[in-house]
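S.K.: Have a look at the structure that comes next, please.
The values are calculated or read from the model by the stated rules, or taken from the named source; none is laboratory data. Owing to the predicted nature of the structure, the values given are computational and were not obtained by experimental measurement. Please note: Cβ atoms are built from the backbone with ideal geometry, for glycine as well, and neighbour counts cover all protein chains shown. SASA here: full protein model, heavy atoms, side chains in, ligands and nucleic acids out. Shrake-Rupley method; radii C 1.70, N 1.55, O 1.52, S 1.80 Å.
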Amino acid sequence: MSKGYQMPDGFLWGAAVAAHQLEGGWDLDGKGVSIADVMLAGDNKSVQGGGRRVVTDTILPDGNYPNHRGIDFYHTYPQDFKLFAELGIKAFRTSIAWTRIFPNGDETEPNEEGLEFYDKMIDEMLANGIEPVLTMSHFEMPYHLVTEYGGWRNRKLIDFWTNFVEVILKRYGDRVKYWMTFNEINNQMWWKDTHPMLQNSGLKDYSEAEAEELMYQASHHELVASALTTKIAHEINSDLQIGCMVAFNPVYPATSKPEDIMMAERAMQNRYYWGEVHATGHYPNWLPNYWTHKGFNIQRTAEDLEILAKYPVDYVGFSYYMSWTVQDQGDEWLFYDEGENHGDNPFLKKSDWGWQIDPVGVRYAMNWMWDRWQKPMFIVENGFGAYDKLEDDEKIHDDYRIAYFQGHIEAMEKAVVLDGIPLLGYCPWSGIDIVSASTGEMAKRYGFIYVDLDDMGQGSGKRYKKDSFNWYQNVIKTNGAEL
């Protein structure tokens with residue numbers, strides 16, 4: 001156990017998941033089909049159907065859809081929250097499955113059975129002394145909104161969204177203070193990859209030539225919808241806290257060459273303009289100039305810009321997993337291709353999934369955001385996916401996970417204690433093993449709690465405490481003083 005830094009009183013040590021990755025019960029009690037429900041399983045090297053997690057137009061009778069089953073949290077949440085209470089967590093971040101409330105997304109009246117499930121789940125959290133932190137859209141929008149409306153390219157989704165938001169804020173706002181709108185909204189920076197475009201904005205069936213412009217247009221509609229969420233929330237209850245959620249992966253210059261440094265700066269501006277609009281209410285000057293250069297016609301009304309300026313978020317939620325490097329591409333517009341331009345850092349090691357391990361990057365990320373946006377922060381994802389082994393004595397020895405968290409939590413604590421950056425809490429991903437969003441695997445395990453299920457959903461489903469469970473329990477008990 002190494003020495004850490006004491007965190008402020010009331011700091012929210014927690015854990016984070018997403019509804020579609022653990023709930024299961026995909027077709028129970030009136031729930032509709034989400035984008036996660038039409039994604040086949042894959043693994044670290046291949047995917048059923050070839051390439052990536054394949055999206056099917058209908059549910060195939062012989063398809064392996066891991067999000068259909070999750071870890072059966074829909075039925076096991078009372079026992080799981082008792083385990084989390086034993087772990088000592090103060091906050092639990094999960095999401096509302098939009099399709100439980102509005103099965104198709106465009107209904108006028110909500111599904112009462114879906115509302116009642118989250119009533120019970122939230123009450124169970126509170127009964128165990130756990131603060132709910134809820135994401136409104138975490139890669140699980142109604143698939144009907146994709147097939148019938150084209151996803152967030154269609155401005156009509158703003159109205160469907162605000163109807164959904166008003167229902168859940170009125171229903172749960174008396175018990176849930178912390179909310180986030182769109183999970184990792186900037187992942188669609190990988191606009192050449194259809195996977196994040198579908199997960200983030202419900203975009204499919206488009207040409208490569210129109211992908212980038214489509215991404216920016218859909219993002220604008222989401223940003224307006226997010227600002228309207230802040231407006232609705234504060235009208236319902238001024239104490240409600242609405243946050244954005246960005247995936248923060250620092251992009252460093254590959255060398256000290258000035259052109260590389262300039263390229264890295266633009267890459268960061270490009271990846272995090274979503275955070276800037278959310279936090280400040282304004283688009284950065286360079287971006288409309290870039291759109292003009294590219295010939296993009298992004299529809300933004302004067303009313304849109306007024307809404308963005310008037311209703312910024314209350315805090316910035318972010319995930320942190322890795323960092324990259326970038327080199328100058330010789331383009332005066334500093335064009336940055338997320339999928340092709342970033343490279344590895346020779347000073348860093350990688351996980352089994354090729355993610356570079358960079359604890360210092362947490363402190364860098366927090367300083368970078370604070371200097372620009374001046375908003376309190378909330379780390380709502382950070383973790384280490386690895387192959388874990390359940391031993392014959394029912395133990396899981398995951399020292400590699402403990403080492404990962406020791407470095408990252410220490411960097412976080414330095415940003416708070418030494419740099420003075422306000423941080424609401426820390427919810428590592430994922431507390432308990434769940435289905436991977438990117439590959440659909442159970443083998444890619446993040447939790448402090450092991451779930452006995454394999455990639456085909458076979459196993460007892462029994463929960464086991466890993467060595468990291470006891471370690472994190474003590475971190476929370478000492479408020480970060482012992483790592």
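S.K.: Which value results for Rg/Rh of segment 206-318 when Rg is the Cα radius of gyration and Rh the Kirkwood radius based on the inverse mean 1/r?
M.R.: Ratio of gyration radius to Kirkwood radius: 1.02.
S.K.: Go ahead and estimate [θ] at 222 nm for the chain from helices alone: -39,500 (n - 2.57) per DSSP H run with n ≥ 4, summed, over the residue count, rounded to 500.
M.R.: Calculated at 222 nm, the ellipticity per residue is -12000 deg cm²/dmol.
S.K.: Let me ask something else about it. Only bridges whose two residues both fall in the chain count here: according to DSSP, what percent of them are antiparallel, nearest 5?
M.R.: Of all bridge pairs located within the chain, approximately 25 percent are antiparallel.
S.K.: Just to confirm, what accessible area per residue do you get for the chain at 1.4 Å probe, in whole Å²?
M.R.: I get 37 Å² per residue for this part.
S.K.: Quick check on packing: order 351-364, 432-445 by the mean number of other C-beta atoms within 10 Å, highest mean leading.
M.R.: Peptide ranking by packing, descending: 432-445, 351-364.
S.K.: Can you send over the carbon and sulfur percentage of the accessible area for the chain, probe radius 1.4 Å, protein chains only?
M.R.: C and S fraction of accessible area: 48 percent.
S.K.: Could you tell me the calculated FRET efficiency between Lys350 and Trp190, based on Cβ-Cβ distance and R0 = 30 angstrom, to the nearest 0.05?
M.R.: 0.95
S.K.: Oh, and also: Probe radius 1.4 Å, ligands and nucleic acids left out: which of Arg300, Arg401, Arg266 has the largest accessible area, and how do the rest follow?
M.R.: Final ranking, largest accessible area leading: Arg300, Arg266, Arg401.
S.K.: Amide H of Lys90: which non-local residues (sequence gap of 5 or more, or other chain) have their own amide H closer than 5 Å, using H built in the peptide plane?
M.R.: HN-HN under 5 Å from Lys90: Trp13, Gly14.
S.K.: I'd like to compare 377-388, 23-34, 74-85: which one has the highest average count of other Cβ atoms within 10 Å, and what's the full order after that?
M.R.: 377-388, 23-34, 74-85
S.K.: Whole-Å semi-axes of the chain's equivalent ellipsoid, largest first, each the root of 5 times a Cα gyration tensor eigenvalue?
M.R.: Semi-axes (√(5λ), whole Å): 30, 28, 24.
S.K.: Determine, from the Cβ-Cβ distance of Phe296 and Met262 and an R0 of 25 Å, the FRET efficiency 1/(1 + (r/R0)^6), rounded to the nearest 0.05.
M.R.: 0.65
S.K.: With a point put 7 Å past each Cα toward its Cβ, work out how far Asp371 is from Leu126 in nm, to one decimal.
M.R.: 4.2 nm
S.K.: Okay, next question. Beyond 17 Å, what share of the Cα-Cα pairs of segment 291-377 is found? Please give it as a whole percent.
M.R.: 69 percent
S.K.: Give me the distance in nm between label points sitting 7 Å out from Cα along the Cα-to-Cβ direction at Thr58 and Lys3, one decimal.
M.R.: Label-label distance for Thr58 and Lys3, simple model: 6.6 nm.
S.K.: Run the numbers for Leu287 and Ala481: contour at 0.36 nm per residue of separation, minus the present Cα-Cα distance, in nm.
M.R.: 65.6 nm
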